[in-house]
Amino acid sequence: MVTVRRVGEAGLLLEAADPAALYRRLLAERATGALGEVAEIVPAARTVLLDGVADPGRVARLVAAWTVTAAALADGPLVELPVVYDGADLAEVAGHWGVSVARAVELHSGIEYRVAFCGFLPGFGYLTGLPEQLHVPRRATPRPAVPAGSVAVAGPYTGVYPRSSPGGWQLLGRTPAVLWDADRDPAALLAPGTRVRFVEVA
Amino acid sequence: MSTAAALVVVRPGPLTTVQDLGRVGVAHLGVPRAGALDPPAHRAANRLVGNAAGAATLETTLGGITVRAEGGPVLAAVTGAPCAVRLDGRPAAWGRAVLVPAGSALEVGPAEAGVRAYLAVRGGIAVPPVLGSRSADLLAGLGPAPLRAGDRLPVGAEHGAPAAELAPLAAPPAELVLRLRPGPRADWFAPDTFALLPRHRYRVAAASNRIALRTEGPALTRAVPGELESEGMVLGAVQVPPDGRPVLFLADHPTTGGYPVIGVVPAADLPAAAQARPGTPVRFSPLRA
């Protein structure tokens with residue numbers, strides 16, 4: 001079941017139990033032309049937004065009838081990111097998790113994540129896959145500048161800052177990988193659906 | 001040997017950016033749309049010099065800009081916020097094509113009303129595109145940085161025939177009336193909040209920018225406490241942050257946001273929002289779902 005909400009003249013906000021599977025289905029259906037003209041398909045935490053829809057009434061009726069299951073989720077490309085685990089909040093996060101720093105590194109780098117959606121900054125992916133017992137709060141006071149390449153966790157997500165910016169996530173380490181390069185194709189290393197592994201390097 | 005024509009920035013004004021029609025198809029990567037805040041004025045300026053609608057123009061903010069033509073003459077036109085236009089100090093036409101000889105300075109004066117003037121040149125501002133657009137994006141920091149004195153902007157070569165006349169443009173609004181289609185999160189507010197919106201009087205807040213038009217006025221009351229998980233945002237979305245004052249998303253809006261959107265303003269009403277100065281009265285006019 002897909003819940004459909006109208007967003008202005010040409011937008012639809014779609015909600016399904018598995019937004020990642022819904023996003024995949026939407027990309028596949030757009031590729032066949034079944035959705036007509038759609039300018040943007042934007043996944044988020046629980047929803048997928050369609051914007052610039054030429055015929056939103058027809059697409060709303062079409063999508064509302066879908067049954068979207070996790071089985072529709074195909075494997076995305078896999079990206080491995082080398083990480084030096086020396087982040088300013090590593091000890092504090094290990095404390096939240098009730099483990100040693102070495103074990104915290106093993107835990108974070110032992111999971112295969114998936115980019116659920118992007119936002120905040122170009123190329124900033126919200127990666128899901130952390131089990132609930134590893135969810136940690138944001139920092140009470142955000143840092144005015146988090147360095148580019150910082151690998152961090154907050155709430156149910158882990159992610160990498162594509163460039164220096166203010167930020168409230170807990171910093172575990174840093175990667176030399178270039179997450180965002182507007183002159184590269186693709187510009188974003190991590191797009192929705194991409195699978196990600198963090199690999200510890202010295 | 002001929003040198004390609006260029007504009008050199010003599011006086012950048014308080015905020016002048018390169019803008020075209022913005023970036024499409026990259027919102028899922030967290031890239032905002034950007035683009036001219038007043039598209040009809042941007043398009044009109046391009047038509048006057050024979051450009052396609054997507055050619056890049058310069059968008060000024062309140063204080064105008066002064067540029068000098070280098071390497072050849074440049075055909076220019078100024079639209080958007082009404083203002084004095086001067087060529088080497090002599091009055092020149094607003095809303096008409098003006099030939100700027102090589103070495104001459106074109107001054108776009110401070111806005112007499114409205115906020116944003118558009119300066120188009122025949123061939124367009126030919127800075128390198130980023131993700132399919134030459135627009136400066138002030139939220140994500142993509143595209144050319146806001147202009148500074150001494151910047152040299154290449155002028156392109158591609159153009160068609162200039163249009164003789166300026167299609168009439170709406171005057172900057174004395175009162176900003178924003179029609180509002182409800183949803184997607186109108187149900188997060190107290191009953192009747194949407195229906196009673198037209199009774200509230202708002203003003204354009206000074207903190208408004210290319211990302212959003214912010215308002216001052218009565219706070220809207222939420223019915224649903226707690227947080228909304230981030231979801232995709234559209235141009236014209238009216239988000240209501242914890243202080244209850246509606247925020248209207250403009251071209252540089254973030255691609256996702258976590259405050260509930262009570263309604264969406266139709267695209268046709270956004271050029272007026274781009275020209276509404278701080279202090280301008282704002283009235284929301286609800287549409288049916």
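Placing unit charges on the Cβ atoms only, positive for Lys and Arg and negative for Asp and Glu, gives the protein assembly as shown a dipole magnitude near 1040 debye about its Cα centre. Among B:A237, B:A174, B:A272, the largest mean-square fluctuation in a Gaussian network model of chain B (Cα springs under 10 Å) belongs to B:A174. Taking every DSSP helix (H) stretch of at least 4 residues in the protein assembly as shown, weighting each as -39,500 (n - 2.57) and dividing the sum by the residue count yields a mean residue ellipticity at 222 nm of -3500 deg cm²/dmol.
Put the Cα centre of the stretch A:118-150 next to the Cα centre of the stretch B:4-25 and the gap is 34 Å. When the Gaussian network model of chain B links Cα atoms closer than 10 Å, the mean-square fluctuations of B:P32, B:P198, B:P168 top out at B:P168. Indicate, rounded to the nearest 5 percent, the antiparallel portion of the DSSP beta bridges found entirely in the stretch B:176-286. About 75 percent, rounded to the nearest 5. Loop-located GluC sites (Glu not before Pro) in the stretch A:96-156 (DSSP state other than H, G, I, E, B) with a sparse environment of at most 12 neighbouring Cβ atoms within 10 Å: A:E112. Think of each Lys and Arg Cβ as +1 and each Asp and Glu Cβ as -1; about the Cα centre, that makes the dipole of the stretch A:78-200 roughly 220 debye. Evaluate E = 1/(1 + (r/R0)^6) for A:M1 and B:H200, where r is the Cβ-Cβ distance and R0 equals 56 Å; express this FRET efficiency to the nearest 0.05. Given R0 = 56 Å and the Cβ-Cβ separation, E is 0.95. Once both labels are positioned 7 Å from their Cα atoms along Cα-to-Cβ, the gap between B:A174 and A:E106 label points is 7.5 nm.
For the peptide A:180-193, the mean number of other protein chain Cβ atoms found within 10 angstrom of a residue's Cβ is 3.
Applying the Karplus relation 6.51 cos²θ - 1.76 cosθ + 1.60 with θ = phi - 60° to the stretch A:53-70 yields 3J(HN,Hα) values of 8, 5, 10, x, x, 5, 5, 4, 5, 4, 5, 4, 8, 6, 10, 10, 10, 4 Hz, where x marks Gly and Pro. Spatially, the stretch A:77-117 and the stretch B:145-193 are offset by 44 Å when compared through their Cα centroids. Helix B:39-49 and the longest principal axis of the Cα set of chain B meet at an angle near 10°. When chain A is treated as a GNM with alpha-carbon contacts under 10 Å, the residue of A:T141, A:T128, A:T158 showing the greatest mean-square fluctuation is A:T141.
Ordered by the count of other Cβ atoms within 10 Å of each Cβ, fewest first, B:I65, B:I211 give B:I211, B:I65. By the count of other C-beta atoms within 10 Å, a proxy for reagent exposure, A:S109, B:S135, B:S208 are ordered fewest to most as A:S109, B:S208, B:S135.
Subtracting the Cα-Cα distance of A:V99 and A:A70 from 0.36 nm times their residue separation leaves 7.2 nm of extension gain. Among beta bridges from DSSP that stay inside the stretch A:78-200, the antiparallel ones total about 75%.
Laboratory data are not the source of any read-out in this text; all were calculated from the coordinates shown. Worth saying up front: this structure is predicted, and the values here are computed from it rather than measured. Neighbour counts are summed over all protein chains in view; Cβ atoms, including those assigned to glycine, are modelled from backbone coordinates with ideal geometry.
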